[in-house]
Amino acid sequence: MRRYPSAPHPFVLEPPRDEKQRYEPGEELAVHLWLVGSAGDYLPYFIYAFDEMGKRGLGRDRGKAVLTRVATGPDAVCLYTEETQSISGKSECWNAATIEARVEDLRGKPMRIHFETPMRVKSENRLSEHCAMPILAPALVRRLHTLAYFFCGAPWHKDIGPLLDAARTVTTREENVQWMDWTRYSARQDTTMQLGGFIGETLYGPVPEPLLSYFCWGEALHLGKGSAFGLGKYRIHAA
């Protein structure tokens, strides 16, 4: 654990899927938030933080916003509204059953990954422009093990060798990715930051278990640097 002097962020904030950088008065801005393990108990504090963030202003010009609604799950069940100012119901959770259903859809089949936001993973101490499985798997396994240890009460997994060996058996059948530079404004530093990574699609041969379940979890928890703030988002499909 010496490699991790502090716990990772127990959340993933997914920005809107479009590339809009400017919103007119009255337009809606929707974001997705994933909370990991025990962090789910702090949902009221996250709601308060979003509400305060809107009041203080977003972006370089500090545009004001109002938190109007919080919903959960694919059916968008309402948990909170601006009018009630209170939380009702429980947020929907991904659990082992959720992942097993995803694994069942993918088991034994070629797997296509669509990288939706810049993927920042390192190979040989530099950001990689390629997405071979032996490059992706170590970063994903370390991320999920660390989150599980700090926020889900899981024991620390010391031996990840078998998972990495499994990754080396997965072939890359098609790779169609390109580098995308992404500029982020840091209000704390009052400067812009370049956080590029690769996006696109790659087709792999069948991914063995249990490595396959890690990639299913990663759909929600993302992969690589900047995951907590929306980078490293991907979707997987059976090919």
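The values are calculated or read from the model by the stated rules, or taken from the named source; none is laboratory data. None of the values given here were measured: they were computed from a predicted structure. Cβ placement follows ideal geometry from the backbone for every residue including glycine, while neighbour counts extend to all protein chains displayed.
Can you work out which of the residues in segment 182-210 that are farther than 20 Å from residue 106 by Cβ and in contact with a Pro (Cβ under 8 Å, 6 or more places away or on another chain) is modelled with the lowest pLDDT?
Selected residue: 182.
Specify the residue that is nearest to residue 35 (Cα to Cα); the eligible residues are those in segment 45-90 that are at pLDDT 90 or above and basic (Lys, Arg).
It comes out as 69.
Got at least one residue in segment 48-57 being part of a loop (DSSP other than H, G, I, E, B), closer than 30 Å to residue 139 by Cβ and out of contact with any Asp or Glu (no Cβ under 6 Å at 6 or more places or on another chain)?
no
When only residues in segment 33-73 that are free of Cβ contacts under 8 Å to residues at least 24 places away in the same chain and under 15 Å from residue 9 (Cβ atoms) count, which is surrounded by the fewest Cβ atoms within 10 Å (Cβ to Cβ)?
So, considering only residues that are free of Cβ contacts under 8 Å to residues at least 24 places away in the same chain and under 15 Å from residue 9 (Cβ atoms), the one surrounded by the fewest Cβ atoms within 10 Å (Cβ to Cβ) is 45.
So which of 106, 127 ends up being more than 29 Å from residue 71 (Cβ to Cβ), assigned by TED's automatic domain parsing to the domain that holds residue 167 and either modelled with pLDDT under 95 or of a type in the set (A, V, I, L, M) (or both)?
When all the criteria are applied, what remains is 127.
Can you tell me how many residues in segment 123-155 are closer than 12 Å to residue 223 by Cα and free of Cβ contacts under 8 Å to residues at least 40 places away in the same chain?
Going through segment 123-155 one residue at a time, the tally reaches 3.
In segment 116-153, how many residues are of a type in the set (Val, Ile, Thr) and more than 17 Å from the chain's Cα centre (by Cα)?
1
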